[in-house]
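Taken together, the values in this text are just the output of simple stated rules run on the coordinates, not laboratory data. Predicted model, so just to flag it, every value in this text is computed and none were measured. Cβ placement follows ideal geometry from the backbone for every residue including glycine, while neighbour counts extend to all protein chains displayed.
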Amino acid sequence: MKQVFFYDGSNHFDHVELIEDVSELPANATFVQPNSGLYEPMTWNGTTWTGATKEEWESNQPKPSPEAPSANQQFQAQLALQVADLKQSQTAFNSQVLLQLADLKKGLAVTDKNTVADTNTETK
């Protein structure tokens, strides 16, 4: 089996096929393999293949457009923002409660000291 490289009417690379060793070379085909490192469009000039460099080929590729988020993704993002806001509110609330509790404990400690002092004064 032999590898045959076909080109179209404009001598641009078309496709590759395997043919039997005893088969004749079809029209618009060659046994000459394109050099590695050649990119589309590759053209047969009658003796060798010519083509674009990797950089040229990449520059001609369409740039991917950013994909818009789906309705489900937008909904999930809104929920995540709400959860973050609620966590922040909860943290602020917890801080307030802890400060108030600390103030109450201080007030109770002062009251207890006064009560103990009053009791000591009365027992004397």
Fill in: Kirkwood-type radius of the range 44-110, with distances r between different C-alpha atoms, in Å
18.7 Å
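Which net charge results for the neighbourhood of G37, defined as the other residues with beta-carbon distances under 14 angstrom from its beta-carbon, given Lys and Arg at +1 and Asp and Glu at -1?
Details: positive: K54; negative: E40, E55, E56, E58.
It works out to a net charge of -3.
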Discussion item. Helix-only mean residue ellipticity at 222 nm, the chain, DSSP H runs n ≥ 4 weighted -39,500 (n - 2.57), per residue, nearest 500. What is it?
Written reply: -17000 deg cm²/dmol
Worksheet entry | Dipole of the range 23-118, positive end: most advanced residue of L81, T53, A92 [Cβ charges, Cα centre] | A92
Worksheet item: Taking 0.36 nm per intervening residue step and subtracting the Cα-Cα distance, what contour gain separates T50 from Q78 on full extension?
Response: 4.7 nm
Worksheet entry | Structure-derived P(r) over Cα pairs in 10 Å bins from 0, in percent - corresponding label in (1) 10, 17, 11, 8, 9, 9, 8, 7, 6, 6, 5, 3, 1; (2) 14, 48, 33, 5; (3) 13, 44, 33, 9, 0 | (1)
Worksheet item: GNM, the chain, Cα, under 10 Å: largest mean-square fluctuation among T91, T53, T43?
Response: T91
Worksheet item: With +1 on each Lys and Arg Cβ and -1 on each Asp and Glu Cβ, how big is the dipole of the range 4-85 about its Cα centre, in debye rounded to the nearest 20?
Response: 340 debye
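Give, as a single signed number, the net charge of other residues whose beta carbon lies under 15 Å from the beta carbon of Q61, with Lys and Arg counted +1 and Asp and Glu -1. Working shown, then result.
Numbers: positive: K54, K63; negative: E40, E55, E56, E58.
Surrounding charge for Q61 is -2.
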Worksheet item: Pick from E56, E24, E40: which residue has the top mean-square fluctuation in a GNM of the chain where Cα pairs under 10 Å get a spring?
Response: E24
